Amino acid sequence: MLEFLRIRNLALIEDVEMDFVAGLNVLTGESGAGKSFILSALDFILGERISSSMIRSGCEKAQVEAIFVLDGQEVILRREILAETGRSRIYINDKLGSQEKVQALGPSLLIHTSQHGQQKLLRPAYHVHIVDGFLDDPGLLVRHREMVREMAQILAQEQEIRDRVRGLEEKRDFLEYQQAEIQKVAPKPGEEEALLAEKKIIQAQADSREMIHQSLEVINGQEFSLLEGLGVLQSHVQALADLDERYAEYASHMEDARQSVLELDRELRSEPMDFEHQARLEAIESRLWKLAQLQRRLKRSLDRILELEQEIQDNIAFLDQSNLQLTQLERKRMDLAQDLATLTQQLNTARSQAAKVLKERLEDRLKDLGFSDKLELVFEIERKEIHPDIFEERPRIFWVPNPGQPPQPLDKIASGGELSRFLLAVVGLRAERDMPTLLFDEVDSGIGGITLNKVAASIQDLARRQQVILITHWPQLAAMAERHFHIQKQVRDGKTFTLCSRLKDKEIVAELARMAGGGDKGMMLARELVGKTG
């Protein structure tokens with residue numbers, strides 16, 4: 001049961017609150033007043049998508065809140081949609097939820113029927129849905145759907161393998177050529193970078209050793225020895241210092257210089273002279289050339305070549321294993337086909353039994369809604385092959401509204417008013433199990449007179465059993481409401497607003513009079529209707 005609904009900043013609604021009661025709740029108002037916004041809000045909070053264009057102009061977001069009572073427990077739903085991103089958030093009992101979870105919960109909270117729902121009656125797939133709603137074991141349908149889905153997945157996997165095998169077989173020679181080229185060079189991850197780094201180090205070492213050699217040549221040259229020259233120079237400068245004290249300081253420096261050169265000579269001679277670096281450098285250059293040639297041939301970087309090598313190995317391994325995979329899938333498919341055939345037969349039998357029960361009950365309900373006492377429903381079976389030699393039987397509703405006529409589809413002979421009553425009958429039967437709130441959007445369209453009275457009686461009967469929310473333009477139906485809401489449009493300060501107010505006493509009479517055409521006759525009918533229901 002829906003207890004409370006609040007809508008903020010949705011379309012023309014700024015802020016509307018509605019408290020509903022058990023029994024019949026009615027929404028009325030002129031066409032275009034905004035009743036559809038109330039329906040959009042309920043659909044939105046129960047998981048349907050809406051466009052961000054539905055957010056009231058100038059607002060950052062629209063928000064809908066509702067309180068339902070399910071099995072004696074409150075279920076509080078809140079959903080909002082942001083203008084900037086168009087994304088929405090759903091909260092269930094103040095905890096963030098998902099659209100799928102709310103949609104799964106929805107049928108136990110509210111069933112929404114509308115003029116659009118009448119059109120679903122014309123689709124054969126919806127007839128199957130109606131019958132499936134009366135299966136003794138709903139789990140049978142769930143298991144069947146899961147099995148059909150599993151079969152489809154197996155078939156898709158088989159086809160995917162065959163398609164991939166066909167594509168790889170066509171280029172297997174090229175794959176093996178690429179694999180051979182890669183294996184011939186056998187590159188390793190990071191090898192090129194490592195070789196270039198080592199090459200740089202060896203070149204630096206070679207340059208260092210060359211400078212050491214040249215420095216030793218200068219210090220110990222055969223034609224001119226720097227140490228000998230410094231010794232001779234030192235003795236001359238010392239002799240000058242003995243004669244002239246001005247040269248004493250220079251003599252001291254010459255000794256320091258000679259000692260520094262001697263230390264440098266010893267240090268340079270201590271460096272190991274490794275002559276193998278040239279061979280290693282040549283090996284590195286050779287390896288880098290091979291790697292570069294491989295990259296040119298395959299037109300890929302070395303990293304991508306390593307990825308390609310793994311990809312080629314995987315593809316060739318897949319080709320080698322594909323027959324085994326197909327054999328395993330085929331065995332699994334054959335086993336599943338046996339189970340599917342058994343389950344499909346069980347479902348067909350269950351649907352046949354459900355159709356018999358539904359036929360009787362639906363015929364009785366339709367007769368109560370003003371159809372001919374001679375009306376007869378016929379459930380014709382359409383066989384659909386869901387797997388080779390496995391046929392699902394899908395009931396389709398035909399009817400004979402008058403004796404002597406052959407069974408015909410609903411879209412051939414049903415008027416809008418007849419479809420409305422048919423939908424009312426179906427929904428009334430479907431809702432008997434879970435007792436959700438029933439929302440009827442002008443399901444009374446296209447009918448009048450005695451038939452309207454019968455529809456009113458049927459709705460009233462439903463409202464005694466469970467909560468009903470009805471949008472109607474008929475005063476005869478609105479007068480039966482336990483709670484009456486009026487939807488109207490107003491313009492204030494150049495802005496349009498859709499407002500919702502709960503009517504009481506004289507306000508109800510005035511609204512019923514308007515719905516009845518206004519004037520004295522409208523007021524007379526309104527008072528008569530209120531008197532009957534009062």
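Worth a mention:
- Residues that are surrounded by 14 or more Cβ atoms within 10 Å (Cβ to Cβ) and either at positive phi or acidic (Asp, Glu) (or both), drawn from segment 50-85: Glu65, Glu80
- Within segment 138-182, being acidic (Asp, Glu) and farther than 17 Å from Leu340 by Cα holds for Glu158, Glu160, Asp163, Glu169, Glu170, Asp173, Glu176, Glu181.
- Total residues in segment 305-338, condition among the small types (Gly, Ala, Ser) and within 30 Å of Gln295 (Cβ to Cβ): 1
- Total residues in segment 377-418, condition modelled with pLDDT of 90 or more, surrounded by 12 or more Cβ atoms within 10 Å (Cβ to Cβ) and of a type in the set (Asp, Glu): 4
- Qualifying residue in segment 114-129 (condition: in contact with a strand residue (DSSP E or B) (Cβ under 7 Å, 6 or more places away or on another chain), surrounded by 12 or more Cβ atoms within 10 Å (Cβ to Cβ) and aliphatic (A, V, I, L, M)): yes
- Qualifying residue in segment 432-451 (condition: assigned to a helix (DSSP H, G or I) and in contact with a helix residue (DSSP H, G or I) (Cβ under 9 Å, 6 or more places away or on another chain)): yes
- Condition met for Gln205 (over 24 Å from Arg300 (Cα atoms) and surrounded by fewer than 12 Cβ atoms within 10 Å (Cβ to Cβ)): no
- If the condition is being farther than 19 Å from Thr472 by Cβ and of a type in the set (Lys, Arg), then segment 491-526 contributes Arg492, Lys495, Lys506, Lys521.
- Any chance Leu308 is closer than 30 Å to Ala206 by Cα, in contact (Cβ under 8 Å) with a residue 60 or more places away in the chain and assigned to a helix (DSSP H, G or I): no
- Condition broken by Leu24, with the remaining ones in (1) more than 16 Å from Ile469 (Cβ to Cβ); (2) of a type in the set (A, V, I, L, M); (3) in contact with a helix residue (DSSP H, G or I) (Cβ under 6 Å, 6 or more places away or on another chain) satisfied: (1)
- Any chance Val185 is loosely packed, with under 12 Cβ neighbours inside 10 Å, out of contact with any strand residue (DSSP E or B) (no Cβ under 6 Å at 6 or more places or on another chain) and among the β-branched types (Val, Ile, Thr): no
For every residue, the table says whether it meets (1) surrounded by 22 or more Cβ atoms within 10 Å (Cβ to Cβ); (2) at positive phi.
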{"site": "Leu24", "(1), (2)": "yes, no"}
{"site": "Gly29", "(1), (2)": "yes, yes"}
{"site": "Ile38", "(1), (2)": "yes, no"}
{"site": "Ile45", "(1), (2)": "yes, no"}
{"site": "Glu48", "(1), (2)": "no, no"}
{"site": "Arg87", "(1), (2)": "no, no"}
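- Taken over segment 82-97, the criterion of being under 16 Å from Ala66 (Cα atoms) and either touching a helix residue (DSSP H, G or I) at 6+ places or on another chain (Cβ under 6 Å) or not in a strand (DSSP E or B) (or both) is satisfied by Ile90, Asn93, Asp94.
- Apart from one condition, Arg6 fits all of (1) more than 17 Å from Lys495 (Cα to Cα); (2) touching a Lys or Arg at 6+ places or on another chain (Cβ under 8 Å); (3) charged (D, E, K, R); the exception is (2).
- In segment 222-252, of all residues being modelled with pLDDT of 70 or more and among the acidic types (Asp, Glu), the one that is nearest to Gln205 (Cα to Cα) corresponds to Glu228.
- Residue check: Glu267 meets all listed conditions (1) loosely packed, with under 15 Cβ neighbours inside 10 Å; (2) modelled with pLDDT under 80; (3) in contact with a helix residue (DSSP H, G or I) (Cβ under 9 Å, 6 or more places away or on another chain); (4) not in a loop (DSSP other than H, G, I, E, B) but one, namely (3).
- Some residue of segment 89-103 being in contact with a strand residue (DSSP E or B) (Cβ under 9 Å, 6 or more places away or on another chain), farther than 23 Å from Asn9 by Cα and surrounded by fewer than 19 Cβ atoms within 10 Å (Cβ to Cβ): yes
- Within segment 7-26, the set of residues being part of a loop (DSSP other than H, G, I, E, B) and within 20 Å of Ser88 (Cβ to Cβ) comprises Ala11, Leu12.
- Restricting Glu255, Glu192, Glu285 to those that are at pLDDT 75 or above, charged (D, E, K, R), farther than 30 Å from Gln178 by Cα and surrounded by 11 or more Cβ atoms within 10 Å (Cβ to Cβ) reduces the list to Glu255.
- Test: residue in segment 387-394 that is under 20 Å from Phe422 (Cβ atoms) and either touching a residue at least 12 places away in the same chain (Cβ under 8 Å) or touching a Leu at 6+ places or on another chain (Cβ under 9 Å) (or both): yes
The values are calculated or read from the model by the stated rules, or taken from the named source; none is laboratory data. The structure presented is a predicted model; accordingly, all values stated were derived computationally and were not measured. Heads up, the Cβs are rebuilt from the backbone with ideal geometry, glycines too, and the neighbour counts pull from every protein chain shown.
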